[in-house]
Structure formats: C-alpha cells, structure tokens
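Below is one structure, written out as structure tokens; the observations come after it.
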Amino acid sequence: MKPTYLLDANIIIRLLRNDHAVHSAKATELFKRAATGKIALEISAVTASEVVYVFKSLYKAERASTADAVLRVLNLPGVSDAHAPWLAVALELYRDTNVDAPDCFLAAQAKHAGKGIISFDRDFRKFPGVTTLSV
C-alpha cells in the first residue's frame, strides 16, 4: 500500500503561487510523485479553508479564481479529499455565492450528512437543501 499524506496549506499555496524557488519546486515534485502513484495526497477541509483564507486575505485573490484553483488541485491525479466528499461542493458554493468560506464548508457538510444547521446567521438560507433552525 502506498503511503498517504495529508497536505498542509503551505504546500498547496506554493504549488499554486509558484513564488518560491525551493518550496514551489518541492511542492511540484510531490504532486508529480502522487500523479505517478508513488504516494497519495489528501486535502482536508481545514487545509482547503486555510488556503482560501490566505488567498483572500494575503493575496487579495478573487473568490472564483481561488475556488477554481483549489478545485484543480483537488482533481489532480493522486489527490483526494481526506474523507470530506463534500469539499468540492463547499468550494463551488464559495465560488458561486457571497457567503464566507467557513459557512460554505458547513453548509456543504450539513447537506451531505443530511443534517440541519443552527445559527443566528441568515446566510445559510441561501443554500438550497440545507435545513436551518432559527434560535
């Protein structure tokens, strides 16, 4: 069985930004190893959320380009969603709405699990198929 590794946000950021001579090259090599089946890479929801946050706050990147970039990485050969099958949906919600990333992640997770959300935030009402309980 090939070894599986959870990715930290900095690996994905260096891959996408290609802005550090050493780190970006090492990140690229990791993904090449995954593509050839030597290792498996997983992206957790926490890591994806951190990448979104860094791109938004530090690099002032637009929502759509950020979400699409993380989705591209998630769809690379040898990369999976670390037991969060709703992760791609969360990134699409972030791309397609004006709702904060953590709320998009929670909405996608709730919908996937068939659970409702309790919140004072009205943004969850923007997501079809997500049940909310007002308190």
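The values are calculated or read from the model by the stated rules, or taken from the named source; none is laboratory data. Please read all numbers here as calculations on a predicted model, not as lab measurements. Here the Cβ is made from the backbone with ideal geometry for all residues, glycine too, and neighbour counts use every protein chain on show.
Brief remarks follow.
- Boolean, Ala40 is among the hydrophobic types (A, V, I, L, M, F, W, C), in contact with a Lys or Arg (Cβ under 9 Å, 6 or more places away or on another chain) and under 20 Å from Asp123 (Cα atoms): no
- The requirement of being free of Cβ contacts under 8 Å to residues at least 40 places away in the same chain, under 19 Å from Leu15 (Cα atoms) and aliphatic (A, V, I, L, M) is fulfilled somewhere in the range 84-102, by at least one residue.
- Checked against (1) buried (at least 19 other Cβ atoms within 10 Å of the Cβ); (2) touching a residue at least 24 places away in the same chain (Cβ under 8 Å), Leu106 meets all criteria but (2).
- Boolean, Ser44 is within 18 Å of Asn10 (Cβ to Cβ), at pLDDT 95 or above, within 12 Å of the chain's Cα centre (by Cα) and not hydrophobic (A, V, I, L, M, F, W, C): yes
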